[in-house]
């Protein structure tokens, strides 16, 4: 497993999350289908990441990267903001946690 496998997994998850949020708030059926299709992609990329690795490492890396990428996307595209500086510090701690997982850039 590597960052090269976890990053597409996180981006596909974001598409699914944003589409399902749009469906939940607006009821547009095409967003439901996009969300479900995206989660099919999540399964595909998760299987690729799990090959030759542990669930423990893949889950930690995926959660960290997904949290960073999805937070950045929500900040930029949805205009969402945290309520306190402590929450931004939490994002910094996620970066530190990813560093300590020692995930390679390429497999």
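Throughout, read-outs are computed from the coordinates displayed, never taken from laboratory work. Keep in mind that this is a model prediction, so the values were computed, not measured. Don't worry about glycine lacking a Cβ; one is built from the backbone with ideal geometry, like all the others, and counts go over all protein chains shown.
When the residues of region 52-62 are filtered to those that are part of a loop (DSSP other than H, G, I, E, B) and in contact (Cβ under 8 Å) with a residue 40 or more places away in the chain, which remaining residue is farthest from residue 95 (Cα to Cα)? Step through it out loud before you land on a result.
We begin by selecting, within region 52-62, every residue part of a loop (DSSP other than H, G, I, E, B); these are 52-54.
Next, from what is left, pick out any that are in contact (Cβ under 8 Å) with a residue 40 or more places away in the chain: 52-53.
On the way: 52: 24, 53: 21 Å.
Residue satisfying both the conditions and the ranking: 52.
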Original post:
Of all residues in region 15-34 being farther than 20 Å from residue 75 by Cα and in a helix (DSSP H, G or I), which is nearest to the chain's Cα centre (by Cα)?
Top reply: 34
**OP:** State all residues of region 8-38 that are within 21 Å of residue 59 (Cβ to Cβ) and surrounded by fewer than 17 Cβ atoms within 10 Å (Cβ to Cβ); if no residue qualifies, say none.
**Re:** 8
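Yes or no: region 81-96 includes at least one residue that is outside any helix (DSSP H, G or I) and within 17 Å of the chain's Cα centre (by Cα). Can you show your working first?
At the first step, the residues of region 81-96 found to be outside any helix (DSSP H, G or I) are 81-84.
Going one step further and asking which of them are within 17 Å of the chain's Cα centre (by Cα), we end up with none.
No, because not a single residue in region 81-96 is outside any helix (DSSP H, G or I) and within 17 Å of the chain's Cα centre (by Cα).
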